[in-house]
Amino acid sequence: MKKAILLFFLSIPFYLFSQETEKADALVTARISEREISVGGDKADVAGYNNLSIQMAIDALEECGGTVILNPGDFIISAPVRMTSNVDLVGSGEETVLKKDKGVQTRYVVDADYGELKLTVENSDGFEIGMKVQVSDDENNGCWNVSTAYITDIEDDVIYIDRGLIRDYRSDLNGLLSNASSVIEVIEAENCSISNLVIDGKRSDNFFADGCNSAGILIFKSSWITIDKVRVKDFNGEGISWQITEHITVKNSEISGSGNTGLHPGTGSPFSIIENNDVHHNDRDGLFICWRVYESKVRGNQFHHNGRFGICTGHKDTNVLFEDNHISENLSDGVNLRGEREANAPHRNTFLRNTIENNGTDGGGYGFSINSPAKNLKLTENIFLNSMKTQKAAIYVHQAGLKPHLDNNQFDQHELGELVIEQKLGIKE
């Protein structure tokens, strides 16, 4: 039987065990009154370079709020750092790196049922108490069909978790358990920020993490959260994902090398602000605006060299301003409005002064692709450049789409033309 001492900090369900706990407790207690705790190095209030040390500092400030300062160095993250309300996590720039620990994965050999709190696995080696894990099978392997939980105990090859599974998972359908999880999580919190640091997802050493449940930074059921001057690189999943949120700001950051989408706001996340970010070389979209992201602003960003679309938007994503973005050299469309029924289409969106350049580098994309009947879609003072001749058309309206309102846009030459409206007989306008 594998055992560990479980230490609960305040109300946070995070399991902490460390040989230096007593020494760190004394230092942290002395600093709480100043509402500032430093982490990393012998001169810091908490010396360790790992998620346990960061979590100790964050938890200590839960009641009063304050700032956790991460000193330069590599912090090894074996379970997500959990933010709490009114706490700011501030790094020391490019020299503060949160590195995802090595991934571990196994099959479970007995079906894992809805509400169950244990999994019988082939091999529990590498799993540890306190890890966050992901449970899936071939029929339940995406978004809200994936279960996540913390390991509370391990007995031989039985792994116990802290909350019940949300689906029935079958062991004979490639049932998998892994430690794929976020580096930083903001769950049911408000008024906090993450800034001035690097997240290294160590993609080649980790298993794929589902984007609704995990990301380099995951924000869930939270409000008034700011991400500023953060570099998220090589996370095997989505760079930054925020779901069921309000008033999330992501700015001045770089997101690259993700195994999925770079930025993913969705599941009802109004009042998002996405500005001055560099989002590139992600496997899927630069920005995937999911469901019900409305009254939001996307401005001053670069979305380039992504594996599908620069920007993708759709289901009830209304009243969004896209302003002064540079969308270039993405494999498929620069901007893609997904297919939706009229009631759910992305109505009343405005694209102002964007540069849409040389997209469709896989040979099949458009500058702007409209696949749904989006009403009051305005394209004003945008520039469509095509020096590489990769964009088949500047604007392509599919049969299910509506022609946008165009005002003072500029166009390079495109093979199919500036504006193509697809008709049943293939007539072009």
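Every Cα-Cα pair of region 288-429 was included, and the share exceeding 25 Å stands at 16 percent. Once you have the alpha carbon radius of gyration of region 105-178, what is it after dividing by 2.2 N^0.38 Å, with N set to its residue count? Cα-based Rg divided by the globular estimate yields 0.94. A simple count of charges around residue 195, restricted to other residues whose Cβ falls under 15 Å of its Cβ and scoring Lys, Arg +1 and Asp, Glu -1, yields -4.
Applying 1/(1 + (r/R0)^6) with r as the Cβ-Cβ distance of residue 174 and residue 43 and R0 = 60 angstrom yields a FRET efficiency of 0.80. Pairs spanning more than 24 Å between alpha-carbon atoms, out of 229/378; 99/316; 99/229: 229/378; 99/316. Over the chain, dividing the summed -39,500 (n - 2.57) contributions of all DSSP H runs of at least 4 residues by the number of residues returns a 222 nm mean residue ellipticity of -1500 deg cm²/dmol. When both bridge partners sit in the chain, DSSP labels roughly 20% of those beta bridges antiparallel.
Counting charges near residue 142 (Lys, Arg +1; Asp, Glu -1) among other residues having Cβ under 14 Å from its Cβ returns a value of -3. Here region 32-147 is described by how far its Cα atoms reach on the three principal axes: 50, 27, 22 Å, from widest to narrowest. Looking only at 146, 279, 110, which one moves most when the chain is put into a Gaussian network model with springs between Cα atoms under 10 Å? It is 110.
Using the Stokes-Einstein relation with a Kirkwood hydrodynamic radius computed over Cα pairs, the translational diffusion coefficient of the chain at 4 °C and a viscosity of 1.567 mPa s comes to 57 µm²/s. Among the cysteines of the chain, those whose beta-carbon sits 4.7 Å or more from every other cysteine beta-carbon are 64, 192, 290, 312. Angle of helix 21-32 to the longest C-alpha principal axis of the chain, folded into 0 to 90 degrees and rounded to 10: 60°. Charge tally for residue 363 (other residues, Cβ to Cβ under 15 Å; Lys, Arg +1; Asp, Glu -1): -1. The C-alpha atoms of the chain define a longest principal axis, and helix 51-60 lies at about 80 degrees to it.
Coordinate-derived values only; no laboratory data. Not measured: the values here are computed from a predicted model. Neighbour counts run over all protein chains shown; Cβ positions are idealised from the backbone, glycine included.
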